[in-house]
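Heads up: the structure comes next, in structure tokens.
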Amino acid sequence: MQEKYDLIIIGSGPAGLSAAVYGVRAGLKLLVIEKNPMSGGQVLNTYEVDNYLGLPGINGYDMGMKFREHADKLGAPFLEAEVTGITDGECKIVHTTQGDYETKALIVATGAHHAQLGVPGEEELSGMGVSYCATCDGAFFRGKTVAVVGGGDVALEDAIYLTRFCEKVYLIHRRDELRGAHVLQEQLKALPGAEILYSHVALEIRGENGVEGILLEDVKSGSQRLLPVDGVFIAVGIHPETELVRELVNCDEAGYVLAGEDGATNVPGIYAAGDIRKKPLRQVVTAVADGANAVTAAGAWIRTK
């Protein structure tokens, strides 16, 4: 067994880094474990962030680096390793590829990832017109034409939201009926700038220095056409990275951890922060708030031991 800690934070996206900053300032002996060589989480792949207070138009990579630099400046210790398991008990044991670590409390901030279409051009144009977050990037497409791919509630909500900025919004769905809530369907259909393309699938996203169009196939006729658009918003699902704790703490059917604003799970001493937590809005600002709240709650819990 290696060194013992007051707090271990798994993940170094905005939630984990915020937790590290608040934890160090609270005088907790902590360790941040991150499997990736770079901190920052999903924000690293965001071309531009324009809705984080005080930092309008910042590049996502630069934002992630600033967050990490803040934690480093305060002396937060980091370990690059993959967590392979967690053992609960009076003290928690975090098993990693670099050994086992003992801690009084644990914050899980492993984030989530957006499901991809897996079509040519998607990865190449990610952040250059391909987006997975309408709330994050919609304002960049003011007065332009965009496509939303998906048919569930998130896709419908994204399309409705985007009509506030965009001249034209296409909703592309592979089936002949949408899966999302009926009230959302009716709301979208009533919007003059929205058009639903049923029974269509995306084959390719095209463009040189940015998205210029999306190649579609009509699944019934087999015919193809290139739809000119300035952006493509992909809303085919989000998967929380909660495999480590799904058998340990309570999660909903989609795998999101059930935890309140303080991050406390049903297991004493284990907290969830960031995109893995069940909540209505997943943004950098809410992840940062989660990290601060979880550390505050964890510190209070540790003091009772």
Hey, does segment 253-268 have a residue that's in contact (Cβ under 8 Å) with a residue 60 or more places away in the chain and either touching a Phe, Trp or Tyr at 6+ places or on another chain (Cβ under 8 Å) or surrounded by fewer than 17 Cβ atoms within 10 Å (Cβ to Cβ) (or both)? yes
Which of the residues that make up segment 113-142 are of a type in the set (S, T, N, Q) and either modelled with pLDDT of 90 or more or not assigned by TED's automatic domain parsing to the domain that holds Asp153 (or both)? Gln116, Ser126, Ser131
Among the residues of segment 169-196 satisfying the criterion of being loosely packed, with under 13 Cβ neighbours inside 10 Å and of a type in the set (A, V, I, L, M, F, W, C), which is modelled with the highest pLDDT? Ala190
Within segment 229-252, the residues that are under 24 Å from Tyr271 (Cα atoms), touching a residue at least 60 places away in the same chain (Cβ under 8 Å) and not in a loop (DSSP other than H, G, I, E, B) are Ile238, His239, Pro240
Can you tell me how many residues within segment 269-305 are among the small types (Gly, Ala, Ser) and without any contact (Cβ under 8 Å) to a residue 60 or more places away in the chain? 2
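Are any residues in segment 99-119 part of a loop (DSSP other than H, G, I, E, B) and surrounded by 15 or more Cβ atoms within 10 Å (Cβ to Cβ), and if so, which ones?
Ala109, Thr110, Gly111, Leu117, Val119
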Would you check if there is a residue in segment 79-93 being touching a residue at least 60 places away in the same chain (Cβ under 8 Å), part of a loop (DSSP other than H, G, I, E, B) and more than 16 Å from Val288 (Cβ to Cβ)? yes
Looking at segment 269-299, which of its residues are among the basic types (Lys, Arg) and surrounded by 21 or more Cβ atoms within 10 Å (Cβ to Cβ)? Arg277, Arg282
Those residues of segment 274-305 which are part of a loop (DSSP other than H, G, I, E, B) and over 20 Å from Leu53 (Cα atoms), in sequence order: Lys278, Lys279, Arg303, Thr304, Lys305
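The values are calculated or read from the model by the stated rules, or taken from the named source; none is laboratory data. Everything numeric here is computed off the predicted structure, so don't read it as measured data. Heads up, the Cβs are rebuilt from the backbone with ideal geometry, glycines too, and the neighbour counts pull from every protein chain shown.
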